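Here's the structure we're looking at; comments come further down.
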Amino acid sequence: MPVTEPTTDLDARYSQPEATATSWAEAIEVLEGAGIFWVTTVRPDGRPHVTPLLAVWLEGALWFTTGPEERKARNLAANPRTVLTTGTNALRDGLDVVVEGTARRESDDALLTRLAGAYVTKYGPDWTFTARDGALHHAGGPAALAFRVEPETAFGFRKDTYGQTRWRF
């Protein structure tokens with residue numbers, strides 16, 4: 001899959017004078033290395049729903065899984081717009097990254113097999129899945145749906161020298 005290079009802008013309103021825009025390559029490093037993400041979806045009545053989860057960066061997108069009856073899966077069925085957030089809880093260090101996009105359920109077993117490999121590579125053998133019948137199956141657990149979120153807009157919040165970068169795709 002071709003890599004999309006976004007338009008990158010530093011927002012001076014929320015940045016120190018000496019700040020520079022963060023590269024998308026650095027944001028991808030954060031997305032690849034982060035252990036925990038927070039996903040935000042919208043309930044049918046319009047209230048937000050936020051929950052932590054594991055996610056991997058693969059083929060130009062963030063991927064996560066969820067059970068078909070979980071709140072986030074039901075929310076995404078009604079409204080696929082979502083936000084994934086990761087970073088640190090440090091005040092003066094690190095880079096927080098926020099990715100806005102549309103969650104698309106993927107069911108191609110060949111693609112899900114690559115995703116399963118990415119989960120094991122990142123999180124270890126406790127996160128071994130088998131792709132079959134359009135879902136990911138974990139030993140002893142129910143089938144999980146896989147969602148792909150390609151960035152549409154993303155934000156980076158640098159905290160060593162405060163700077164806010166926006167990436168548009």
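Segment Thr4..Glu152, full-extension length gain: 52.2 nm, with 0.36 nm per residue of separation and the alpha-carbon distance subtracted. Residues of the range 84-118 falling in the label zone of Tyr162, defined by backbone nitrogen less than 16 Å from a point 7 Å along Cα to beta-carbon, are 90-96. Here's the picture: charge each Lys and Arg Cβ at +1 and each Asp and Glu Cβ at -1 in the range 1-133, and of Phe64, Leu91, Val50 the one pushed furthest to the positive end of that dipole is Val50. With the cut-off at under 11 Å, measuring from each backbone N in the range 129-169 to a point 7 Å along the Cα-to-Cβ line of Leu53 picks out 144-149. With the simple model of a label 7 Å out from the Cα in the direction of the Cβ, Arg105 to Trp38 spans 2.7 nm.
Of the chymotrypsin sites (Phe, Trp or Tyr not before Pro) in the range 1-101, not one is in a loop by DSSP (not H, G, I, E or B) with at most 12 other beta carbons within 10 Å.
Taking Cα centre as origin and charging only the Cβ of basic (Lys, Arg, +1) and acidic (Asp, Glu, -1) residues, the dipole magnitude of the range 39-169 rounds to 360 debye. Working from label points 7 Å from Cα in the Cα-to-Cβ sense, the Leu91 to Ala143 distance is 4.9 nm.
GNM on the chain, alpha-carbon springs under 10 angstrom: the most fluctuating residue among Thr88, Thr66, Thr40 is Thr88. Per-atom-type breakdown for the range 43-150 gives carbon and sulfur 52% of the accessible area (1.4 Å probe, protein chains only).
Ordered from longest to shortest, the equivalent ellipsoid semi-axes for the chain are 29, 17, 15 Å, each the square root of 5 times a Cα gyration tensor eigenvalue.
The values are calculated or read from the model by the stated rules, or taken from the named source; none is laboratory data. For clarity, every value in this text was computed on a predicted model and none was experimentally measured. Backbone-built Cβ (ideal geometry, glycine too); neighbour counts: all protein chains shown. Note: areas computed on protein heavy atoms with side chains; ligands, DNA, RNA excluded. Shrake-Rupley method; radii C 1.70, N 1.55, O 1.52, S 1.80 Å.
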